[in-house]
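J.: Before anything else, here's the structure in question.
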């Protein structure tokens, strides 16, 4: 997960991890957290307003 303030608040002890080489560190979500649909929905709901708008594609 992108380490926006809302995600950091809900995942204060989450480890940061590189999802792939050259990427920025992201918050690692555990399998238990992924399987908890209520928690995952809440996490996504609070993160959405803090995420940047998609960049326009070049033609």
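What follows is calculated from the coordinates using simple rules that are stated; it is not laboratory data. Keep in mind the model is a prediction, meaning the values are calculated, not measured. Virtual Cβ from ideal backbone geometry, glycine too; neighbours counted across all protein chains shown.
J.: Considering only region 10-37, how many residues are part of a helix (DSSP H, G or I), surrounded by 10 or more Cβ atoms within 10 Å (Cβ to Cβ) and without any contact (Cβ under 8 Å) to a residue 24 or more places away in the chain?
T.: Within region 10-37, the first condition is being part of a helix (DSSP H, G or I), and the residues that meet it are 10, 31-35, 37.
So of that shortlist, the ones also surrounded by 10 or more Cβ atoms within 10 Å (Cβ to Cβ) come out as 10, 33-34.
Filter again for without any contact (Cβ under 8 Å) to a residue 24 or more places away in the chain, leaving 33-34.
Final tally of qualifying residues: 2.
J.: Report, by residue number, each residue of region 42-59 that is assigned to a helix (DSSP H, G or I) and surrounded by 10 or more Cβ atoms within 10 Å (Cβ to Cβ). Give the steps one after another, and end with the answer.
T.: As a first pass, look at region 42-59 and keep what is assigned to a helix (DSSP H, G or I): 42-50.
Within region 42-59, 42, 43, 44, 45, 46, 47, 48, 50 qualify.
J.: With the checklist (1) part of a helix (DSSP H, G or I); (2) touching a residue at least 12 places away in the same chain (Cβ under 8 Å) in hand, flag the one item residue 2 doesn't pass.
T.: (1)
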